[in-house]
């Protein structure tokens, strides 16, 4: 069995809100999936309590299952991979990404646009983890069109 480090647990706790939002789950839904209350999820996200190894294992098991069940959900998969496998995210990057995912979900942006937006927000160094596995011509075209529209509306 893998021995999880405090750093891995802290990284998941730091990014839990962003990952939950990228998955489209409310705190209550996500809590039900791992067998805890919505208050527990809120306390973990707000760092009122420290994530235990048991909670870490349960959350990772749910995330791994959901990513396997939703292989076309590039937003969830990319967000999890970026948040848990990249050392290039700052606290500021995480907050920007959380706000973006929440707003993009409410407005109904498609996956390619959301991934492109995340990449633009967090910078190219961290975005490589998102873009490289998805860099198909269709993805590049959709993400580029969306970003061009945003840039044009800002001028």
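What FRET efficiency, computed as 1/(1 + (r/R0)^6) with R0 = 25 Å and r the Cβ-Cβ distance, is obtained for residue 53 and residue 81, rounded to the nearest 0.05?
Values: r = 22 Å, r/R0 = 0.86.
That pair, residue 53 with residue 81, gives E of 0.70.
Need one word for region 1-81: rounded, prolate or oblate. Basis is the Cα gyration tensor (sqrt eigenvalues a ≥ b ≥ c); a/c below 1.5 gives rounded, then a/b vs b/c decides. Don't skip to the end; give the middle numbers.
Numbers: a/c = 1.57, a/b = 1.20, b/c = 1.31.
Because a/c hits 1.5 or more and a/b fails to exceed b/c, region 1-81 counts as oblate.
Give me 44, 16 ranked fewest to most by other Cβ atoms within 10 Å of their Cβ, as a rough exposure proxy.
Numbers: 44 25, 16 21.
Taking fewest neighbouring Cβ atoms as first place, the list is 16, 44.
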**Item:** Ranked list, fewest to most other Cβ atoms within 10 Å of each Cβ, for 72, 14
**Value:** 72, 14
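FYI, it's all coordinate maths here, none of it is from the lab. Just so it is clear, the model here is predicted, and its values are computed rather than measured. Counting neighbours? That spans all protein chains shown, and the Cβs are built from the backbone with ideal geometry, glycine included.
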